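Below is one structure, written out as structure tokens, with a few remarks after it.
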Amino acid sequence: MGDDASAAHVRVRNRRGEGDRLRHEIVAAAVDLLDETGDESAITLRSVARRVGIAAPSIYRHFPDQPAIMLAAVRSAFAELDEQLRTDVDAAGDAPRERLTALCRSYLEFARAHPGRYRTMFGGLWAPDLNESSVTAEDVGTLGRASMGRLAAALEDCVAAGCATSTDVSADTVALWLGLHGLAHQRVVAPAFPWPPDIADRVITTLAHFTDG
């Protein structure tokens with residue numbers, strides 16, 4: 001018998017009402033594969049089913065196609081990023097500048113700790129065919145919106161407190177994110193480059209338009 005048939009005997013069948021748990025396990029397996037490979041093509045019905053210990057056709061009860069699994073995995077990754085940002089910002093205290101700096105550093109740390117996942121989230125590696133899959137433009141368009149909103153709110157708080165001089169928070173939020181993304185990406189692809197030890201502070205201070213002091 002094939003791998004899928006064998007895998008089906010590895011996992012104990014869910015009791016009634018436990019379908020949500022299987023869905024979660026499918027998404028977690030896809031995220032794990034992204035972490036290990038950094039390659040969207042490694043996420044197939046067969047590979048995910050094998051990781052979970054089910055037959056590949058069982059996935060269709062929860063996801064109509066491979067892009068739907070990828071969407072759920074990427075949504076899960078963005079939710080984890082947003083939760084990490086929230087936790088690290090809350091730990092930074094009440095000062096707006098320290099909170100924005102903590103958020104930026106948290107973003108960079110997430111990219112460092114999860115390079116495979118990060119490349120899929122932000123590297124343009126995953127581009128679902130919107131005409132040939134269940135994924136819609138709205139699905140893709142909402143990815144990362146919460147974290148970007150968190151970044152914008154933190155920068156706006158700095159402007160209100162007088163510790164940042166941005167006159168266009170919306171545009172400067174995008175510029176700040178692009179700076180963080182560029183640094184995160186280049187650190188992964190060019191680890192041997194002699195990065196200045198304070199390069200993150202330079203990027204954050206400049207693009208957040210922090211005032212002196």
Quick one: how many residues across the range 34-65 are in contact (Cβ under 8 Å) with a residue 60 or more places away in the chain, more than 16 Å from the chain's Cα centre (by Cα) and assigned to a helix (DSSP H, G or I)? 0
Going by what's in this entry, would Thr205 be described as β-branched (Val, Ile, Thr), assigned to a helix (DSSP H, G or I), assigned by TED's automatic domain parsing to the domain that holds His114 and more than 21 Å from the chain's Cα centre (by Cα)? yes
Of all residues in the range 197-207, which are surrounded by 16 or more Cβ atoms within 10 Å (Cβ to Cβ) and more than 18 Å from Ala111 (Cβ to Cβ)? Thr205
Regarding Asp39, is this residue at pLDDT 90 or above and of a type in the set (Asp, Glu)? no
Say whether the condition of being outside any helix (DSSP H, G or I), of a type outside the set (Gly, Ala, Ser) and within 23 Å of Arg21 (Cα to Cα) is met by at least one residue in the range 75-97. no
Asp94 fails exactly one of (1) at pLDDT 95 or above; (2) of a type outside the set (Gly, Ala, Ser); (3) surrounded by 16 or more Cβ atoms within 10 Å (Cβ to Cβ); (4) within 21 Å of Asp82 (Cβ to Cβ), namely (3)
Counting only helices (runs of 4 or more DSSP H) wholly inside the range 112-196, the ones holding at least 2 residues that are surrounded by 12 or more Cβ atoms within 10 Å (Cβ to Cβ) and over 16 Å from the mean Cα position of the chain (by Cα) are 145-161, 169-189
Only one of (1) assigned to a helix (DSSP H, G or I); (2) within 15 Å of the chain's Cα centre (by Cα) does not apply to Thr101, and that is (2)
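The values are calculated or read from the model by the stated rules, or taken from the named source; none is laboratory data. From a predicted model like this one, the values you see are computed outputs, not experimental measurements. Virtual Cβ from ideal backbone geometry, glycine too; neighbours counted across all protein chains shown.
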